[in-house]
Each structure stands twice: as C-alpha cells, then as structure tokens.
Amino acid sequence: MLSLSQSLDAQLRAAMQRAFPEVDAGLDPQLAPASKPEFGDFQANGALPLAKPLKQAPRQIATAIVEQLQADPAFTDLCLEPQIAGPGFINLTIRPERLAAEVSARLGDERLGVPAVENPAPVVVDFSSPNIAKEMHVGHLRSTIIGDSLARVLEFRGHPVLRLNHVGDWGTQFGMLITHLKQVAPEALDTADAVDLGDLVAFYREAKKRFDDDEAFQSTSRDEVVKLQGGDPVSLKAWGLLCDQSRREFQKIYDRLDIRLSERGESFYNPFLPAVIDGLKAAELLVTDDGAQCVFLEGVQGKDGKPLPVIVQKSDGGFNYATTDLAAIRYRFGAAPEGDGARRVVYVTDAGQANHFAGVFQVAERAGWIPDGARLEHVPFGLVQGEDGKKLKTRAGDTVRLRDLLDEAVERAETDLRSRLMEEERSESEEFIQHVAGTVGLAAVKYADLSQNRITNYQFSFDRMLALQGNTAPYLLYAVVRIAGIARKGGDLAATNAQLNFSEPQEWALVRELLKFDAVIAEVEEELLPNRLCSYLFELSQVFNRFYDQVPVLKADPEALASRLALCRLTADTLRLGLGLLGIATLDRM
C-alpha cells in the first residue's frame, strides 16, 4: 500500500496546513501502519506534537484535521470516515473498493505493485571478498548471501548496481606463496595447467609453515614481495597463476549459489594509493607519527585516552588495508571514466570490521571524498555458530569449507525427500529427486541465514533449516507449490478481468497482507535488512493458510470463486517474487 500511504500522507499534510495555517513548520502527520487491525489500516499521530505550539488539546487538533480531511473529495474517495482515538490519534481505513482495485492492478503487473524508483542512482555493493589461495569457508557465506540479496532488491527497485568482489589478491602473503610455488612446482611457470593447485588450503598451509619455520625461506619471500610490487614478469606470472586457480574455485561456488559478481581485487587500486597520501596531505589531515603517516580520528580514543590513528603509510613506505579502502572509496564515488560515479556504496562484511570501516569512512568524509547527498554504509553481520553456541568448526577443529557445507545440505535434503516419497508411496525420476534436493538444500542454507537479523550471531542447524514446518525455506517452497496448485485447479478463472468481490474477514486480511509487499521492499532497500522480507513472506503464508482453512475456494459459490482464485494466484506470485529477491529458486512440484 505504498502508493496509497503516500497519497494519504499528502492529503493529511494539506489538511493540517488548511486547519493550522499559522504553523510555519512541523506539520508532520506521522502516518504509520495501524498497530492493530481493529484500528483500521493507518494511524496518524501528528496531532500530539502540535498540542504545545498551538496550546490546544490533541483531540481538538485531531478534530480540526479530520474536518479538513472530510472536505477533500480525494480523501473521501480513498478512506472511510476517520476515527479519533485515545488522546488524539486519527485512525484511517482504506475503502474496500480501493483495496480490491489495488489487488486487481497487481494481478496484471509483473512487479506486483512495486514501483521503480523515480531517480535511480548508481550503487556499489561490495560483498563476498574471499582471499586468493584460500578456499571459501563458512565465514564467506553470510557476506555472499546477504550481499547478493541486497543487490537483487536494489536492482529490482531500478538502481544500476555494480556488484563488486573485493578479492584479497595483493599483499605480503604473496611473497610467501610465490616463493613456495617457484620452489615446489617451477614447471607451472612454463607449462599451462602443469600443476593442480586444487587444494589451495593445503598449498597455503605448506607455504605458511615454511615461512614460520625457515628463516631463509622467510627472507626469500620478503624479497619476492619487492619483486612482485616492482613488476617482475616471473613473479607476476606466478601471482597470476595463483589468482586464476583461486578464481576458478570461487566461481564454482558462485555458480552453485546463483551469485553474479564483478571481480575487482585489491591490486586494482595499487596505482591510486599515492594519490590517497597526496589528497590527505592537501586536506591537512596527515600527521607523521613514529615514522608512519597517519590520520588521527575525531571522537575515537584508545585506552590511553589519546585519539586513535588510521595508518595510511607505514614507516617503511608500504601501504595497508586502510589505504586501499580509501583509494576504493575515492574511485567508487569518482565520476566516470576515472571512477564508478556511485551515489551509494554498501560494504557487506563481518561486524568485526566495524571499527576499521568507521575509521576509514571518517577519514574519507573529512577529506571531502564523499559527494553531497551520497551514502557510504557498512552492513555488518554476526558469526555463524554451531549448535553449541561457539564458532562453527569441523570436528577436527578446522574452519568449515563452504563447499562441504553446501554438499551436506543437499545430501540431507535428498535423504529427507527420498524418505517422504517412500512414506507417500510416490515414484519420481532420479532427475526430479536431484533437482528438488539441490534446490531445497541450497534454499535452506540461504534462507536460514537471511531470516536472521544480520547484526546478530546465529546458530547453524541442518535439522532446523530443513524442517517442513516453521519459518524455513522448505516450508515456504512447499507453500508456493501448494498455492500454485490450487490456482491451477481453478483453471483460468483467476485470470479474468471480472470485478473482484470480497466479503469474508479472512479475505480482507489476506488482501491487506498482500498489499504490504511494496512497502516491505522499499523498507529493505532503505534499511538493508533482508530478514524483514523473510518475516513478511512467512507471515503472508500464515495469513493465506488461515484464509484457505476457513474459506472455501475451489468449492466456493460461482460469484466468489474468481475473486478467491485471484487471491491464490497473487499470493503464489508474491511468494515467488519475494523468494527470488532473496536469491532463492522455487519449484513447481516437491
């Protein structure tokens, strides 16, 4: 009901202006969804804050506003008679015929009533961001899934979105890795695919152990970093081999999860690092402290009570993550062709990096690198924990590889499906079983993550996420299958342009829930909280179940049948679209 609430808000503001022309500012109707169904659809609380400046009782103010509203034909066409409640709340109920017209309009709209933004602006979403020569693990799960869902919502609203994978493909660890590669597999530098670096984790561990135990290897590795940064062709070739191998492994995961990303590693920003230092000098922010170039933060103090520094150039002249992130901010907000021209930049990383980004964002703002009206946002998320409440690990105490976690989810979904088919004495093809198990397993992992408030930690449980009951992906996927099946049984009746008529309370409850979809999408776009969409989809399925259990649909009287089938079809379409915006594929049969 986004468009209805916007119309209502404008009518309320105009009514307040007519009622109280002497008030220059502060005429905010404070329109919000009604807290309970019996109060109507919306509640305007704007009379209460006017009591003091107008020196009138809030109910008296509300009465004057209502009188002006009822003199407005546009309002009386939209709402039933307003009701004043409590100290001065105005309860507003949309006319039934307007609600029915909204449902009818959505039936023929592939966007289901969600408008595209009027002024789309380029958005950068920075997410996933694994490190080269390390396998993606469970820690990358949240960034990848949350970032993808936010990108989908922003794209759906009409913003041009650049999905960036800020891969860790540069830094001191590459001296160690390249030295190890040159020594254990020199043939890889001359012959394509001469060595399979498939288990990149093992390769990294071997190099790290040598680095920790062998001083000669350590010294050679440091020299190798200098060669790499200096553009030595052999070092660059070894670096490229490691990056390509890692990229292929990452892409297998992204393909499986239906994730689209444009890779732009840390190395991309190397040419822009000196300009960061020059820019901070020009802004008179740079301070030399113990040989390092720093910017001291305002309002952020260390344990010693002194301002904390953001180091942007080490005493040996080297740069670090903060320098790279500042270069990235400048490039992302910079005008094309020297930048991305973004108006909103979103970083999806774990909450442990909150202080880092708060410092970097402050430095960028003080340097004047964030354009007026542009938004720079960190989207933090908590840890994935085991059922014991501790960080999720394998039984051996290792980090859980993302590939293994997804494999197990699909295997468990397949086991559950085969068991259910036996109980139901159903016979299905192997192709059907593999497709359904793969869809349900991956959907379960995604939805279990996205349905949590991202800011908090959550406990990973295969049993809970694969359950057919409760707020889970399997439950919602089954709801889509069931509701779409009902609509199919009704034939083409729901697709007619017949006037929709609703009379039962359960019908109106479902109508109102369906019409919340556009406001929920706008809320996710603004607040970047995918769990709001998950909660809505689950609540919609619950409201539909109450409607279907208490009101006959396929056996309805002929005059009610088309309208009820229309509600079934719109519910199925809304669930499909909502799940799609979460990156979750739906099924025709389960």
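The values are calculated or read from the model by the stated rules, or taken from the named source; none is laboratory data. Since the model is a prediction, treat every value here as computed from it, not as a measurement. Note: accessible area is taken over every heavy atom of the protein model, side chains too, but ligands, DNA and RNA are not part of it. Shrake-Rupley method; radii C 1.70, N 1.55, O 1.52, S 1.80 Å.
For K36, give me every one of the lysines with a C-alpha distance below 23 angstrom, ignoring sequence neighbours fewer than eight places off in its own chain.
K516
Going by a ≥ b ≥ c, the root eigenvalues of the Cα gyration tensor, does the stretch 258-390 fall in the rounded group (a/c under 1.5), the prolate group (a/b larger than b/c) or the oblate group? The partial results should precede the final answer.
Numbers: a/c = 1.68, a/b = 1.12, b/c = 1.50.
It is oblate, given that a/c is not under 1.5 and a/b is not larger than b/c.
Between C79 and residues 5 or more places away or on another chain, which pairs have amide H atoms under 5 Å apart, with H built 1.01 Å from N, and which residues are they?
Distant-sequence amide H within range of C79: R95.
Counting only protein heavy atoms, what percent of the accessible surface of the stretch 284-399 is carbon or sulfur at a 1.4 Å probe?
After summing per-atom areas, the C and S share lands at 47 percent.
Find the centroid of the Cα atoms in the stretch 362-391 and in the stretch 506-522, then give the distance between the two in whole Å.
So the separation of the two Cα centres works out to 32 Å.
Would you mind checking K237/K446; K209/K314; K209/K237 for any pair whose Cα atoms are more than 30 angstrom apart?
Flagged as over cut-off: K237/K446.
Ignoring any ligand, DNA or RNA, what whole percent of the accessible area of the stretch 142-226 comes from carbon and sulfur when the probe is 1.4 angstrom? Don't jump to the answer; show the numbers that get you there.
Details: 1810 of 3540 Å².
Answer for the stretch 142-226 is 51 percent, counting heavy atoms of protein chains only.
So what's the back-of-envelope 222 nm ellipticity for the chain, counting only DSSP H runs of four-plus at -39500 (n - 2.57) apiece and dividing by all residues, rounded to 500?
Theoretical 222 nm ellipticity from helices: -16500 deg cm²/dmol.
Enumerate the amide H contacts of A133 below 5 Å, restricted to partners 5 or more residues apart or on another chain; note that Pro and chain-start residues carry no placed amide H.
Under 5 Å from the amide H of A133 lie the amide H atoms of S246, each far enough along the sequence or on another chain.
Using a 1.4 Å probe, what is the accessible area per residue for the stretch 314-409, in Å²?
48 Å²
Could you provide, to the nearest whole Å², the per residue accessible area of the stretch 474-590 with probe 1.4 Å?
40 Å²
For the chain, what is the convex hull volume of the alpha-carbon atoms per residue, in Å³?
217 Å³
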